[in-house]
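To start, the structure under review is shown below, and the notes come after it.
The values are calculated or read from the model by the stated rules, or taken from the named source; none is laboratory data. Keep in mind that what you see is a predicted model, and the values were worked out from it rather than measured. Cβ atoms come from the backbone with ideal geometry, glycine included; neighbour counts cover every protein chain shown.
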């Protein structure tokens, strides 16, 4: 940096000595700026992983967290029974033990939107299209709750049909054991199923759109990850030069280009209907739903950004859940037969009343409660979610005013908090917590009065897979249905096993971001399903 400043001064015609002085002053000024911009610890809350003395101690702690975050938090969980603070890749965060989840879940002064916007740099050039995630009008949340969730029973058959087509194309009828990269396959399958609802049948098989829906999810995480490894003071400048941030800006431009003709066709149909004084055509996908939501709130429709935001929150999380569950089941394949027995029973029941088409073929229609009846499958998904968390904590919040907790801890205004996942390893809550038990949550549901507490979509302080409280993931109902439909097709139509019989461990990126290794292989072969899907 110093030599660069000297060279710049020389090119400007300045003397070597003057250039050196100017360069030294510039570097000193930058260091001083970074020091003054360094976050400060909060008073009255114990700190962990931060040296008490030294120059730029927060920046040093941030670098350490970026490399060893998972290990550091695990050590802190063992050491503290009360809230504590750490210097993280985003800034100073206050970690709350799991027992505080119930207490803070609906506190109005604890903002989820601000936390998401801060942690993932929403509003920075390239991710500004995702402001529907944090918009004051709750655009994405309203579309999810009022349209997607309310339409689940109507789209189950569409998702099942899309799964059939996708698996025929991707896996085929090979009856010999064949190796493939699991996460790549699942990511494409989830993108395809999700896009059937998100952008409709006309785009859900468009390879350019599918590639964008997949890569934007990964690109945003990569962009956020690289910016978190950048010193706090330089981030606003760095986004203009980092290749990861150039990529997300290009992704948004591509999304606008691909969606533009589809959107224009929809708008033209609406204009024609309005001119004739007849109802607008109804379209069962989120392109129309987002447009209507923006219009109702008097806002300029940002449909490309909204679609990409939806892909980020839906595709990545469901891919991790489905990939992890398949690996767990392949490692414990004795449970696959139990799951198939449950599926056969439910499918035979719904097929008993199936309609017969004019060509004599049976038209299978999923019943409203068919997926609900797959309780062992529901339990297996929730168990994999418990054992293989995507992050080290949940329930991100930023305090918009001072908040006093029940133990007397005061969360200062502006402080970032989240809740640790120590409940997952608590033997008082989960027997043999380190052991994989796909029946765990089914057994808990069978206890009197516990039927609804332990479903995959249920949120509690003891299981924060989808968050908890007012800001629990609104898309969890769609994610649950999508994952179940995919697994019914995958397990009924194919056998699965691991190359060496062992489930590979999850990998950690950026200090705390965890997930299935993208290079993990799995073996599959076609089998004859006992019941028509």
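Apart from one condition, residue 257 fits all of (1) touching a residue at least 60 places away in the same chain (Cβ under 8 Å); (2) in a helix (DSSP H, G or I); the exception is (1). Of the numbered criteria (1) within 28 Å of residue 62 (Cβ to Cβ); (2) surrounded by 18 or more Cβ atoms within 10 Å (Cβ to Cβ), the one residue 200 fails is (1). Would you tally the residues in region 231-254 being closer than 12 Å to residue 216 by Cβ and free of Cβ contacts under 8 Å to residues at least 24 places away in the same chain? The number of residues fulfilling the criteria is 2.
Of the conditions (1) under 20 Å from residue 40 (Cβ atoms); (2) at pLDDT 95 or above, residue 60 satisfies every one except a single condition; which number is it? Of (1) under 20 Å from residue 40 (Cβ atoms); (2) at pLDDT 95 or above, only one is false for residue 60: (2). Scanning region 510-532 for residues that are part of a loop (DSSP other than H, G, I, E, B) and at pLDDT 90 or above yields 516, 517, 518, 519, 520, 527, 528, 529, 530, 531. For residue 75, the test of being part of a helix (DSSP H, G or I) and modelled with pLDDT of 90 or more is passed. Taking the listed residues 427, 433, the one that is assigned to a loop (DSSP other than H, G, I, E, B), without any contact (Cβ under 8 Å) to a residue 40 or more places away in the chain and touching a helix residue (DSSP H, G or I) at 6+ places or on another chain (Cβ under 6 Å) is 433, with no other qualifying. If only residues of region 376-392 that are touching a strand residue (DSSP E or B) at 6+ places or on another chain (Cβ under 9 Å) and surrounded by fewer than 21 Cβ atoms within 10 Å (Cβ to Cβ) are counted, the one that is farthest from residue 480 (Cα to Cα) is 391.
So that you can scan it fast, the table gives a plain yes or no per residue for (1) touching a residue at least 12 places away in the same chain (Cβ under 8 Å); (2) touching a strand residue (DSSP E or B) at 6+ places or on another chain (Cβ under 7 Å); (3) assigned to a helix (DSSP H, G or I):
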site: 437; (1), (2), (3): yes, no, no
site: 444; (1), (2), (3): no, no, yes
site: 452; (1), (2), (3): no, no, no
site: 455; (1), (2), (3): yes, no, no
site: 479; (1), (2), (3): yes, no, yes
site: 483; (1), (2), (3): yes, no, yes
site: 504; (1), (2), (3): yes, no, no
site: 508; (1), (2), (3): yes, yes, no
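Among residues of region 308-331 being surrounded by fewer than 23 Cβ atoms within 10 Å (Cβ to Cβ) and at pLDDT below 95, the one that is nearest to residue 247 (Cα to Cα) is 312.
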